[in-house]
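Each remark here refers to the structure printed beneath this line.
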Amino acid sequence: MESRKFHNGELIKRLNDKVEKAINNQLLTYDLTSTQFKMLVMLHLIPDHTAMLKELEKYFGVAQSTAAGIIARLEKKNLVASFSDENDKRVKHVRLTHDGLQICLSVRETIVETERKLFSGLTPEEQNELNRLLYKVYHSIK
């Protein structure tokens, strides 16, 4: 059955599923959902690891109550800390904690290792070309 040819869309979907499965298996060890992890990663990528809750809502395209719920669950796990703005108590900030940062780094290792295995059959030049072509395809979809 594996020997049949898949069209490109199916191959991309199957590759994504394999990568997602590996990541989700590790997230289970931290009792995290992929949505919670994405929130941690977003905070990790910001220079001071801090964002306003409103910024997270906009970035993820979710309602205030949804973002607040995700942050509340992450706070219970001591992965983020939230606090009010000094100048405007209505504004809530969220900061990645040391434990949250450690999870980001650990799961990142899994992602890197999974991608290494995934692309091990390609030369560095082929990997660069594949990346270039995938970006080209990605940006052609509006």
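The values are calculated or read from the model by the stated rules, or taken from the named source; none is laboratory data. Just so we're clear, the structure is a prediction, and the values are computed from it rather than from any experiment. Please note: Cβ atoms are built from the backbone with ideal geometry, for glycine as well, and neighbour counts cover all protein chains shown. Remember, those area values only see protein heavy atoms, side chains included, never the ligands or the DNA or RNA. Shrake-Rupley method; radii C 1.70, N 1.55, O 1.52, S 1.80 Å.
Sub-8 Å Cβ pairs linking a first residue in the range 113-126 that is free of Cβ contacts under 8 Å to residues at least 40 places away in the same chain to a second residue that is surrounded by 13 or more Cβ atoms within 10 Å (Cβ to Cβ) and of a type outside the set (D, E, K, R), at least 6 apart or interchain, are PHE119/GLN127, ordered by first then second residue. Flag: GLU75 does not match the condition of being more than 23 Å from ASP99 (Cα to Cα) and not aromatic (Phe, Trp, Tyr). Checked against the criterion of being touching a residue at least 60 places away in the same chain (Cβ under 8 Å) and outside any loop (DSSP other than H, G, I, E, B), the range 70-93 has no qualifying residue. The residue of the range 80-115 that is nearest to the chain's Cα centre (by Cα), among those that are within 13 Å of LEU40 (Cβ to Cβ) and polar (S, T, N, Q), is SER106.
When the range 68-122 is filtered for residues that are out of contact with any strand residue (DSSP E or B) (no Cβ under 9 Å at 6 or more places or on another chain), open to solvent by less than 70 Å² (accessible area, probe 1.4 Å) and β-branched (Val, Ile, Thr), the ones remaining, listed by number, are ILE70, ILE103, VAL107, THR110, ILE111, THR114. The residue that is farthest from the chain's Cα centre (by Cα), among those in the range 116-142 that are over 20 Å from GLY9 (Cα atoms) and modelled with pLDDT under 90, is LYS117.
In the range 1-34, the residue that is most open to solvent (accessible area, probe 1.4 Å) out of those that are in contact (Cβ under 8 Å) with a residue 60 or more places away in the chain and either among the small types (Gly, Ala, Ser) or within 21 Å of HIS98 (Cβ to Cβ) (or both) is TYR30. Here PHE37 meets each of (1) of a type outside the set (Val, Ile, Thr); (2) open to solvent by 30 Å² or more (accessible area, probe 1.4 Å); (3) within 22 Å of ILE12 (Cβ to Cβ) with one exception, condition (2). Could you list, in sequence order, all residues of the range 16-49 that are basic (Lys, Arg) and touching a Leu at 6+ places or on another chain (Cβ under 9 Å)? Within the range 16-49, LYS18 is the sole residue that qualifies.
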